[in-house]
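Enquirer: Mind having a look at this structure? Questions to follow.
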Amino acid sequence: MAVDMELDGGGDGKGKAPPQISLSGLFLACMVAGGVQYGWALQLSLLTPYVQTLGIPHALTSVMWLCGPIAGLIVQPCVGLYSDKCTSSLGRRRPFILTGCIIICISVIVIGFSSDIGYALGDATEDCKGPRYHAAAAFILGFWLLDFSNNTVQGPARALMADLSGRHGPSAANAIFCSWMALGNILGYSSGSTNDWHKSWNCIACGRRWFPFLMTRACCEACANLKAAFLVAVVFLGLSTAVTMVFAREVALDPVAAAKRNEGEASGPLAVFKGMKNLPIGMPSVLIVTGLTWLSWFPFILFDTDWMGREIYHGRPDGSPAEVTAFQEGVRQGAFGLLLNSIVLGISSFLIEPMCRRLGARAVWVMSSAVVCVAMAAVSVLSAWSLGDFGGSVQDAARAPAEEGGVRASALALFVFLGLPFAVLCSVPFAVTAQLAASRGGGQGLCTGVLNISIVVPQMAIALGAGPWDELFGEGNIPAFAMASVFAAAAAAAGVVLLPKVSVRSVSMAGGH
């Protein structure tokens, strides 16, 4: 069903349209997506392996990731709702973006300096080995704060792009937004794929370190590398936030008109769940398929670099020096694989709309789930191939030399192969949601926030179950990937049956990421 209604844009509450923005201005207004994604890429590539060096066992690392789903379940729908109604002079979306980015910077600093914080609180270890529970507590605090602030930014940033798209169309805004996210991924995964990042802070000519606080008694070379990368993330996020605040010129919502429109409506978190009763037609089906899709993706997102370090390079974060070296090399190669994945993602983001025009959004979504089904099965097979005749626990296999050649090349190829379906995951569900919201005259923030619930609930299930599930089979990642393949097949089947048909023109109107 093609719709000619205006989106619920950043007007003044009296039907006034937001100011027109040039294509270059729209590109700069999207820059905050790159800054946030830079830090998110570092988080995905480095933090699951790093936290194990602080004494948290592999089986519990997935539980640590509960913060993201919980934050998404609580924060993003509420922030989306409040941003729809915000009457700040800065506009509806920018106050939330600015606040969230400031908290992201604080949380990233806490994570980077967690070892030093732990040492100051009483951790006795000075050689970066053995359990450091104060450091782990500081790390988890920063990690949770980071995910809560990320969710504060994401919903309003996506809604802002739909608001500002104007004559360029939300599809153009979506492509630019995805491009910034791909660039952030490329920069972040590039940082995660090297162990020499902190050395760039040295003064080679004078033979002294410019910033001596990077390496300390409690923070050795690997820790200092993480710290340096996250400090650069703070600088880049600050720059990108400033650019977005300058170029994303919103028209403030008129307080009187907003009060009349919202009179009698529920407020607070309860309003989100009351709003779910009035979702657009077809939205419940989108939520179901989105949930199944994320059940198939989150095991890979959570364990990809850890998988490379354990199953492909046969290392371990708490083993002998040789095993630790092998594990860290696998993590770096996994980050390099994510870098290649992001390049494919960036290129593919410009192919999604033509594919949807030719095949339809539903067909593209279903085919991407089928591709993920095959890929996750291939990950499991590749892991079994890598382990070869070792048998038993992955930790036993970790003591044997890693196979060279075909296994590692195939693992990197899988990262590349998953770039296209990940581009679909990052665009089509949000585009369909934006179209359904437009069909009832607005509510982009609320609909995007509700969609996020169908993303975070599967993440909670995986975060709670993946670690113990894998531990039953020798503390590796193979069982979670095998189950992901099953969920991807279910997502493809559900998509064929449940997803609404969205016309070619409707897809081109859809916005968000």
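Enquirer: Ranked from highest to lowest mean number of other Cβ atoms within 10 Å per residue, what is the order of the peptides 427-434, 452-459?
Expert: Packing order, densest peptide first, comes out as 427-434, 452-459.
Enquirer: I'd like the FRET efficiency for ARG358 and LEU498, computed as 1/(1 + (r/R0)^6) with the beta carbon distance as r and R0 of 22 Å, rounded to 0.05.
Expert: 0.50
Enquirer: Any chance you could look up the accessible area of TYR313 with a 1.4 Å probe, heavy atoms only, rounded to 10 Å²?
Expert: 30 Å²
Enquirer: Related question: Going by average Cβ density within 10 Å per residue, which order do the peptides 144-150, 28-34 take, highest to lowest?
Expert: 28-34, 144-150
The values are calculated or read from the model by the stated rules, or taken from the named source; none is laboratory data. In this text, all values refer to a predicted model and were calculated from it rather than measured experimentally. With ideal geometry, Cβ positions are generated from the backbone for all residues, glycine too; neighbour counts draw on all protein chains shown. Please note that ligands, DNA and RNA were not included when accessible areas were found on the heavy atoms of the full protein model with its side chains. Shrake-Rupley method; radii C 1.70, N 1.55, O 1.52, S 1.80 Å.
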